[in-house]
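What follows is a short report on a single structure.
The values are calculated or read from the model by the stated rules, or taken from the named source; none is laboratory data. Nothing here was measured: the structure is a model prediction, and the numbers come from that model. Backbone-built Cβ (ideal geometry, glycine too); neighbour counts: all protein chains shown. All accessible areas refer to the heavy atoms of the entire protein, side chains included, with ligands and DNA or RNA removed. Shrake-Rupley method; radii C 1.70, N 1.55, O 1.52, S 1.80 Å.
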Amino acid sequence: MEPTLTIRDRRFRLHTPEAAIHAAISKVAETINRDYAEAERPLLLVTLNGAFVFAGELFRQLDGPFEVAFVKLSSYGSGVTSSGNVTVDIPPTTDIRGRDVIIAEDVVDTGNTVHELHAMLTACGARSIRVATLLLKPETYYNRPERPDPLPVDYVALESEPVFIIGYGMDYDGLGRNLGALYAVCDE
Ligand SMILES: O=P(O)(O)OC[C@H]1O[C@H](OP(=O)(O)OP(=O)(O)O)[C@H](O)[C@@H]1O
Ligand code: HPA
């Protein structure tokens, strides 16, 4: 685990080591297993691209008749700020009607993505919708004048200050998703 690294034009510093990530994901899995012990075929819906690493590790620790499906959304392009427009590149890869859905996100930052997806799943007739994320940025998520009543984020592995993070699925311009630890931009 490098203490600092450079990707293209940006410097990053170690933010969360691998062991802490694994421990946090295991805690989330335990809670979900308790909450869904009686559920019938709950669905883990993974938001591509970023959430595939987190969701893969989480899914392996879920007990019972869980299914997995995917959706691809994007709003950041190659930069470090949300465009504000969430594009649905691939709609949910399975029928959502009547399902108990857990959205798996890598990061809930502005919350634009998770709100867009929640609205889509509601329109598709999901029976229940909860959100699991590897990382939540509470200061960014809960302080949005345009969204005074944000959705609950039900399962949060890790929290961070409002700084751009890469690693464990999260990217800068498509790079850094394969890092096993989290790194925060440190050149601002
Ligand atoms: O809370 P928000 O501000 O909406 O940010 C969170 C979203 O941003 C990233 O997706 P991105 O659009 O970068 O696509 P990617 O998953 O392919 O990296 C990330 O994977 C989340 O889905
Ligand atoms: O901090 C972040 N890192 C990578 N992708 C993101 N998408 C929203 N926030 C982030």
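The table below gives the values:
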{"quantity": "Whole-percent carbon and sulfur share, accessible surface of segment 119-159, 1.4 Å", "calculated": "50 percent"}
{"quantity": "Amide H contacts under 5 Å for THR133, placed H, 5+ residues apart", "calculated": "GLU105, TYR155, VAL156, ALA157"}
{"quantity": "Where the chain is the region considered: accessible area per residue in Å², 1.4 Å probe", "calculated": "48 Å²"}
{"quantity": "Karplus (6.51, -1.76, 1.60) ³J(HN,Hα), θ = phi - 60°, over segment 53-69, in Hz, Gly and Pro reported as x", "calculated": "6, 4, 5, x, 5, 5, 4, 5, 9, 8, 9, x, x, 6, 10, 10, 8"}
{"quantity": "Segment 153-163 - phi-based ³J(HN,Hα) in whole Hz, Karplus 6.51/-1.76/1.60, Gly and Pro as x", "calculated": "9, 6, 10, 10, 6, 9, 10, 9, 5, x, 9"}
{"quantity": "In order through segment 37-47: 3J(HN,Hα) via Karplus (6.51 cos²θ - 1.76 cosθ + 1.60), integer Hz, x for Gly, Pro", "calculated": "4, 9, 6, 9, 6, x, 10, 8, 9, 9, 8"}
{"quantity": "Sites CYS186 and ASN143, calculated FRET efficiency, Cβ-Cβ separation with R0 22 Å, nearest 0.05", "calculated": "0.45"}
{"quantity": "Inter-site label distance for ARG41 and LYS72 at 7 Å from Cα along Cβ, in nm", "calculated": "2.6 nm"}
{"quantity": "Segment 42-113, accessible surface, carbon-and-sulfur percent (1.4 angstrom probe)", "calculated": "52 percent"}
{"quantity": "Kirkwood-based shape ratio for segment 18-161, expressed as Rg/Rh from alpha carbons", "calculated": "0.94"}
{"quantity": "Mean separation of Cα contacts under 8 Å (6+ apart) over length of the chain, as relative contact order %", "calculated": "26 percent"}
{"quantity": "Helical contribution to [θ] at 222 nm, DSSP H n ≥ 4, -39,500 (n - 2.57), averaged over the chain, rounded to 500", "calculated": "-7000 deg cm²/dmol"}
{"quantity": "Residues whose placed amide H lies under 5 Å from that of HIS15, excluding near-sequence neighbours", "calculated": "LEU182, TYR183, ALA184"}
{"quantity": "Pairwise label distance in nanometres, VAL163 with ILE90, each label 7 Å out on the Cα-Cβ vector", "calculated": "3.3 nm"}
